[in-house]
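Written out below as structure tokens is the structure these notes cover.
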Amino acid sequence: MTALSTTPLSFPVPAAPSVWPASAVAAPGGDVSVGGVSLTELAGRYGTPAYVVDEAEVRARAAAWRRALPDAEVVYAAKAFLCRAMVDWMEEEGLGLDVCSAGELELAASRGFPADRIVLHGNAKSPHDLRTALRLGVGRIVIDSECEIARLAAHVPGPEAQQVMVRVLPGIEAGGHRKIRTGAEGQKFGLSIAEGDAEDAVARILGQPRLELTGLHTHLGSQIASPEPYTRAVRRVIAFMARIRDRYGITLPELDLGGGFAAAQLPGDPAPAPAAYGRRINDALVRACAEFDLPRPRLTVEPGRSIVAAAGVALYRVLSVKRTGGRVFAAVDGGMSDNPRPALYGARYTVRMVGRSADAPMRATSVVGRHCEAGDVLAESVELPEDLRPGDVLAVPASGAYQVSMASGYNLTGRPPVVAVAGGRSRLLMRREAFEDHLGRDVGL
Ligand code: LLP
């Protein structure tokens, strides 16, 4: 067995090192193993489509974030991928959890995750979200609109105040796609510093004895492949903290910079290590605090994708191969119901055949899903062997973030299972959604 990261294989490797988990190795005969388990074997045992998660990779990435910012709180953004095992791994690695619904919160609580290490987000928290958060005692609730301030305060049972932060909009454009940029003016998240909304919210919260303002939060967006936007955000938010001190006489003790740290989707995509982001953010914080004469607030970061994307591999089986309009289409047994990201954001992936060696030359092939839409394309024009045929297994690395969590019930194909691999063993984390699950909800007869 040879490490995928170092060894040239007998045919061009469509997905180079950075997009595979560190444990991925290519075996003779065209197989690849992850976490010591053969992907071909996993496809056979659990069926396809299926998602494989390398536990050691997840833990190593979580630990790398903690090492990168030893004085900060590292809070995993649960929306990237959540299940009960994941809650346990984050707890054991000493991370907190960022949740954005009562559902994510209940799941964390079902494993006894310490509520004081949970941060609740959301631009539109429902009464049920807020009640659940208060009942379970979440550490901090991030205020995202003026109207939720009084609503939240009215529900706080007291006598202790609920800790809150204000999500501020620093007016910074960053992120890999228009739909996942949240730091600029004129979109639904946050309260604008420039337009005065953030300050109004601060004033209102300070007037609510049942709320304790602990700090400011900002989340610039996702797939931010450079530390630079974070350093700008640090300066703007610290400048705003100084203004709050000058006007209201309070020094806020916390700064939450959100997530958005990039993960490589294609080989060679820039994805700085946590340490690189950490160093630059720390430097910016020290400089800004000196400039505005503020004590250093306690920092929080909320990486999601950066912890799980590279740990996941999606497995599909080819159902048909078709040549038409001068193009080759390989249709697989999954698609936009388990990975809507290409259709939503134009996300790109690499694909590798596993399970047999192919001596045939490679050719550009579009890997498409089985759903009833022409836009159901998983990977445009990837290099796959010319003799690709029904029954072959395809592996798609960099599939750990926002695929399972955004999977839908489209066409009643059933959401795929999630299998953890570690130390040469596999373990089912989430079973495949069965037809009976659909029937169980369809109660209208
Ligand atoms: N914190 C907050 C408040 C967030 O809204 C998010 C992501 C994160 C942290 C984590 O961001 P990450 O480190 O994972 O980039 N569905 C899209 C991504 C949407 C992200 C939403 N918020 C995708 O598939 O690319």
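With respect to G346, is the statement that it is in contact with a Leu (Cβ under 7 Å, 6 or more places away or on another chain) and within 25 Å of S405 (Cβ to Cβ) true? Spell out how you get there, then give the answer.
Numbers: in contact with a Leu (Cβ under 7 Å, 6 or more places away or on another chain): no; within 25 Å of S405 (Cβ to Cβ): yes.
No: the conditions fail for G346.
Hey, could you check the range 204-240 for residues that are assigned to a helix (DSSP H, G or I) and closer than 19 Å to I149 by Cα and say which is nearest to the ligand (Cβ to nearest atom)? Can you show your working first?
Initially, the range 204-240 is screened for residues assigned to a helix (DSSP H, G or I), giving 204-206, 228-240.
Next, from what is left, pick out any that are closer than 19 Å to I149 by Cα: 204-206.
Numbers: R204: 21, I205: 18, L206: 23 Å.
Once the filter is applied, the top-ranked residue is I205.
Considering only the range 147-179, state which residues are surrounded by fewer than 17 Cβ atoms within 10 Å (Cβ to Cβ) and assigned to a helix (DSSP H, G or I).
Going through the range 147-179, the residues surrounded by fewer than 17 Cβ atoms within 10 Å (Cβ to Cβ) turn out to be 147, 150-151, 154-155, 157-161, 173, 177-179.
Of everything in the range 147-179, those that are surrounded by fewer than 17 Cβ atoms within 10 Å (Cβ to Cβ) and assigned to a helix (DSSP H, G or I) turn out to be C147, A150, R151, A154, H155, R178, K179.
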Which of the residues spanning the range 214-228 are open to solvent by 10 Å² or more (accessible area, probe 1.4 Å) and not hydroxyl-bearing (S, T, Y)?
H219, Q223, A225, P227, E228
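Looking for whichever is of a type in the set (D, E, K, R) and within 16 Å of the ligand (Cβ to nearest atom) here; the options are R341, R363. Which one fits? Working first, answer last.
Numbers: R363 fails: within 16 Å of the ligand (Cβ to nearest atom).
Residue meeting the stated conditions: R341.
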D359: over 19 Å from the mean Cα position of the chain (by Cα), farther than 30 Å from G414 by Cα, surrounded by fewer than 18 Cβ atoms within 10 Å (Cβ to Cβ) and not assigned by TED's automatic domain parsing to the domain that holds M241, yes or no?
yes
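Identify all residues within the range 24-70 that are part of a loop (DSSP other than H, G, I, E, B) and either out of contact with any helix residue (DSSP H, G or I) (no Cβ under 6 Å at 6 or more places or on another chain) or in the same structural domain as D269 (by TED's automatic domain parsing) (or both); write none if there are none. Steps first, answer last, please.
Within the range 24-70, the subset part of a loop (DSSP other than H, G, I, E, B) is 24, 27-31, 35-36, 47-49, 69-70.
Across the range 24-70, the qualifying residues are A24, A27, P28, G29, G30, G35, G36, G47, T48, P49, L69, P70.
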V142 being touching a strand residue (DSSP E or B) at 6+ places or on another chain (Cβ under 8 Å), farther than 26 Å from E195 by Cα and either not assigned by TED's automatic domain parsing to the domain that holds G186 or not in a helix (DSSP H, G or I) (or both)
no
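Mind listing just one residue for me: the one in the range 180-203 that is charged (D, E, K, R) and within 14 Å of the ligand (Cβ to nearest atom) and, of those, most open to solvent (accessible area, probe 1.4 Å)? Walk me through it before giving the result.
Start the filter on the range 180-203 by keeping residues that are charged (D, E, K, R), which leaves 181, 185, 188, 195, 197, 199-200.
In the following step, the residues that additionally are within 14 Å of the ligand (Cβ to nearest atom) were identified as 181, 188.
Values: R181: 78, K188: 133 Å².
Per the stated criteria, the residue is K188.
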Test E302 against the criterion of being at pLDDT 95 or above and within 16 Å of the ligand (Cβ to nearest atom), and give yes or no.
yes
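Among the residues of the range 403-439 satisfying the criterion of being basic (K, R) and part of a loop (DSSP other than H, G, I, E, B), which is surrounded by the most Cβ atoms within 10 Å (Cβ to Cβ)?
Residues of the range 403-439 basic (K, R): 415, 425, 427, 431-432.
So of that shortlist, the ones also part of a loop (DSSP other than H, G, I, E, B) come out as 415, 431-432.
Numbers: R415: 21, R431: 14, R432: 16.
Filtering first and then ranking leaves R415.
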Taking the range 206-233 only, how many residues are in contact with a Pro (Cβ under 7 Å, 6 or more places away or on another chain), under 30 Å from P159 (Cβ atoms) and polar (S, T, N, Q)?
1
Counting just the residues of the range 241-255 that are in a loop (DSSP other than H, G, I, E, B) and more than 16 Å from H217 (Cα to Cα), which one comes out least open to solvent (accessible area, probe 1.4 Å)?
I250
Answer yes or no: is there a residue in the range 310-327 that is closer than 19 Å to R341 by Cβ and surrounded by fewer than 15 Cβ atoms within 10 Å (Cβ to Cβ).
no
Of the residues that sit in the range 85-128 and are within 27 Å of R431 (Cα to Cα) and in a strand (DSSP E or B), which one is nearest to the ligand (Cβ to nearest atom)?
D98
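D333: open to solvent by less than 10 Å² (accessible area, probe 1.4 Å), modelled with pLDDT of 95 or more, outside the structural domain of R235 (by TED's automatic domain parsing) and within 25 Å of the chain's Cα centre (by Cα), yes or no? It would help to see each step written out before you state the result.
Working: open to solvent by less than 10 Å² (accessible area, probe 1.4 Å): no; modelled with pLDDT of 95 or more: yes; outside the structural domain of R235 (by TED's automatic domain parsing): yes; within 25 Å of the chain's Cα centre (by Cα): yes.
The answer is no for D333.
The values are calculated or read from the model by the stated rules, or taken from the named source; none is laboratory data. As the structure is a prediction and not an experimental result, all values here were calculated from the model. Note: ideal-geometry Cβ built from the backbone for every residue, glycine included; neighbour counts use all protein chains shown. These area figures cover heavy atoms from the full protein model, side chains too; ligands, DNA and RNA do not enter into them. Shrake-Rupley method; radii C 1.70, N 1.55, O 1.52, S 1.80 Å.
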